[in-house]
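Engineer: Provided herewith is a single structure, encoded as structure tokens, for subsequent inquiry.
The values are calculated or read from the model by the stated rules, or taken from the named source; none is laboratory data. Keep in mind that what you see is a predicted model, and the values were worked out from it rather than measured. Positions of Cβ are generated from backbone atoms using ideal geometry, with glycine treated the same way; all protein chains shown enter the neighbour counts.
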Ligand SMILES: Cc1cc2nc3c(=O)[nH]c(=O)nc-3n(C[C@H](O)[C@H](O)[C@H](O)COP(=O)(O)OP(=O)(O)OC[C@H]3O[C@@H](n4cnc5c(N)ncnc54)[C@H](O)[C@@H]3O)c2cc1C
């Protein structure tokens with residue numbers, strides 16, 4: 001391994017989203033400086049919300065990021081609510097006040113993405129961030145990763161971490177490059193000013209209205225000044241996958257014709273909603289090769305139906321930093337260990353998030369009635385304890401599985417160039 005002048009490995013992160021920044025922050029905390037290469041000219045996250053469950057909150061707290069989020073994060077004390085589409089009948093309600101903290105040591109929060117990104121970025125040295133650097137390829141030269149950028153520059157690293165999202169360029173250096181497929185589902189997204197939102201949507205609750213082929217979710221964010229509204233509907237021939245694509249309120253309302261009339265008031269507050277086609281990918285069997293690995297959506301994109309995508313990227317970041325810190329002289333082994341510690345959990349989440357689309361969108365009938373009955377019986381806070389109780393750093397000490405070369409691994413090559 002060629003170490004930097006300080007004797008530490010040169011670590012390059014491609015992508016400065018939630019996962020990439022969290023990786024830099026955890027590495028920094030472990031005494032391993034890194035460089036982030038982000039394609040955008042400045043750090044941005046779209047105006048939309050995220051739910052942060054205890055498994056993510058406990059890691060962010062250790063980074064010092066929760067303190068910075070404090071005035072903006074909304075604790076979901078009223079909890080989670082499932083409602084029936086046509087009349088808003090409550091199918092299940094989980095009060096999180098106290099119970100989440102008692103069971104898992106942390107509350108569940110709703111946050112604006114930009115606030116989360118800023119909070120994590122504040123724990124990363126500013127000179128670590130290189131903006132306007134679109135990575136076009138990652139290749140291997142011996143033990144070293146060579147990163148090429150669209151501006152014609154290149155750099156070498158002892159470890160290259162692809163945190164470059166669902167369209168990951170780095171992924172092509174590890175597995176056969178394939179485009180993500182369209183899921184057939186699209187999302188309408190909006191931030192409704194709290195002053196324009198009906199009272200039921202201003203409560204500190206994450207409410208999910210479920211019905212045939214559609215579901216709609218809302219919760220307050222940004223210090224309760226806005227309501228995050230996201231709704232899922234059949235994409236039909238819509239295939240634009242861009243955080244900046246928009247729809248009209250009329251298109252949004254048309255999807256929810258016949259639903260509880262109270263939702264119309266909320267949707268009317270949506271201004272110009274965003275519209276975004278959800279992408280799909282099969283779970284990978286391996287996501288590391290030599291000094292190159294993946295993290296977050298680049299490794300395991302998932303439907304947002306368990307609200308765990310960002311949380312899993314933060315968990316990845318914490319585990320990866322620990323593995324590299326423990327095995328700093330042999331990064332390749334550290335990356336294999338990281339992957340083996342993470343892959344079962346993230347694959348399981350990808351699969352259950354996928355299955356949830358079917359369950360949330362059932363037409364009325366016997367299967368829907370059985371689902372509603374089980375929602376009434378089940379306590380999701382307990383049933384999903386394996387998600388929320390997980391302490392990624394504590395589990396990092398588990399004995400690693402020795403990974404074998406899987407079917408999706410490209411044959412070993414010393415020099416490779418992929419788009
Ligand atoms: C509607 C919706 C709701 C969601 N709700 C939740 C929720 O409540 N809770 C939760 O935990 N998760 C949620 N998620 C999932 C979450 O948004 C993602 O899992 C998370 O953003 C992934 O982070 P990431 O850093 O891996 O990837 P990204 O956020 O996609 O970041 C990738 C970064 O890499 C950069 N990049 C890409 N290519 C290159 C390149 N070639 N060179 C350099 N830079 C590059 C991009 O500009 C970007 O900054 C939701 C997702 C959706 C769509």
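Engineer: Do we have residue 318 as in contact with a helix residue (DSSP H, G or I) (Cβ under 9 Å, 6 or more places away or on another chain), more than 12 Å from the ligand (Cβ to nearest atom) and either farther than 30 Å from residue 81 by Cβ or modelled with pLDDT of 95 or more (or both) here?
Structural biologist: yes
Engineer: Restricting attention to segment 383-401, and to residues there that are assigned to a helix (DSSP H, G or I) and out of contact with any helix residue (DSSP H, G or I) (no Cβ under 8 Å at 6 or more places or on another chain), which single residue is modelled with the highest pLDDT?
Structural biologist: 386
Engineer: Scan segment 228-249 for residues that are surrounded by fewer than 17 Cβ atoms within 10 Å (Cβ to Cβ), within 24 Å of residue 358 (Cβ to Cβ) and modelled with pLDDT of 85 or more and report the count.
Structural biologist: 1
Engineer: Please tell me if residue 96 is closer than 23 Å to residue 374 by Cβ, within 15 Å of the ligand (Cβ to nearest atom) and not in a strand (DSSP E or B).
Structural biologist: yes
Engineer: Then there is this: If you go through segment 375-382 one residue at a time, do you hit one that is modelled with pLDDT of 95 or more, farther than 30 Å from residue 336 by Cα and surrounded by 17 or more Cβ atoms within 10 Å (Cβ to Cβ)?
Structural biologist: Scanning segment 375-382 turns up no residue that is modelled with pLDDT of 95 or more, farther than 30 Å from residue 336 by Cα and surrounded by 17 or more Cβ atoms within 10 Å (Cβ to Cβ).
Engineer: So which of 263, 294, 279 ends up being in contact with a strand residue (DSSP E or B) (Cβ under 8 Å, 6 or more places away or on another chain) and surrounded by 24 or more Cβ atoms within 10 Å (Cβ to Cβ)?
Structural biologist: Of 263, 294, 279, the one residue that is in contact with a strand residue (DSSP E or B) (Cβ under 8 Å, 6 or more places away or on another chain) and surrounded by 24 or more Cβ atoms within 10 Å (Cβ to Cβ) is 294.
Engineer: Let me ask you something else. Run down 215, 130 and say which single residue is touching a residue at least 60 places away in the same chain (Cβ under 8 Å) and closer than 30 Å to residue 268 by Cα.
Structural biologist: Criteria check complete, one pass: 215.
Engineer: Right, next: Which residues, taken from segment 129-143, are at pLDDT 95 or above and closer than 25 Å to residue 285 by Cβ?
Structural biologist: 135, 137, 138, 139, 140, listed by residue number.
Engineer: If you don't mind, there's one more thing I want to ask. How many residues are more than 19 Å from residue 121 (Cβ to Cβ) and crowded, with 24+ Cβ neighbours inside 10 Å when one looks only at segment 306-315?
Structural biologist: Number of matching residues: 2.
Engineer: Would you be able to say whether some residue in segment 59-68 is within 21 Å of residue 316 (Cα to Cα), in contact with a strand residue (DSSP E or B) (Cβ under 8 Å, 6 or more places away or on another chain) and modelled with pLDDT of 95 or more?
Structural biologist: Within segment 59-68 (the criterion being within 21 Å of residue 316 (Cα to Cα), in contact with a strand residue (DSSP E or B) (Cβ under 8 Å, 6 or more places away or on another chain) and modelled with pLDDT of 95 or more), the answer is yes, since at least one residue qualifies.
Engineer: Further, regarding this structure: So if I check each of 283, 273, which one is touching a residue at least 60 places away in the same chain (Cβ under 8 Å) and within 27 Å of residue 317 (Cβ to Cβ)?
Structural biologist: 283
Engineer: Considering only segment 42-58, state which residues are modelled with pLDDT of 95 or more and under 17 Å from residue 16 (Cβ atoms).
Structural biologist: 50
Engineer: Please work out which one of (1) surrounded by fewer than 21 Cβ atoms within 10 Å (Cβ to Cβ); (2) closer than 19 Å to residue 42 by Cα; (3) in contact (Cβ under 8 Å) with a residue 60 or more places away in the chain; (4) touching a helix residue (DSSP H, G or I) at 6+ places or on another chain (Cβ under 9 Å) is the condition residue 91 fails and give its number.
Structural biologist: (2)
Engineer: Do you know which of the residues in segment 149-170 that are touching a strand residue (DSSP E or B) at 6+ places or on another chain (Cβ under 8 Å), at pLDDT 95 or above and within 10 Å of the ligand (Cβ to nearest atom) is nearest to residue 7 (Cα to Cα)?
Structural biologist: 162
Engineer: Looking only at segment 156-188, which residues are in contact with a helix residue (DSSP H, G or I) (Cβ under 8 Å, 6 or more places away or on another chain), buried (at least 24 other Cβ atoms within 10 Å of the Cβ) and more than 29 Å from residue 236 (Cα to Cα)?
Structural biologist: 159, 160, 161, 162, 163, 170
Engineer: Continuing with this model, one more query. Any idea which of 253, 191 is away from the ligand (no atom under 16 Å from the Cβ) and surrounded by 15 or more Cβ atoms within 10 Å (Cβ to Cβ)?
Structural biologist: Values: 191 fails: away from the ligand (no atom under 16 Å from the Cβ).
Only one candidate qualifies: 253.
Engineer: For residue 332, work out the one condition from (1) touching a residue at least 40 places away in the same chain (Cβ under 8 Å); (2) within 9 Å of the ligand (Cβ to nearest atom) it doesn't fulfil.
Structural biologist: The number of the failed condition is (2).
Engineer: Need a quick list: helices (runs of 4 or more DSSP H) entirely within segment 1-70 having at least 3 residues that are within 8 Å of the ligand (Cβ to nearest atom). I'd like the intermediate steps shown before the answer.
Structural biologist: Details: elements: 18-29, 54-63, 65-69.
Per the criteria, 18-29.
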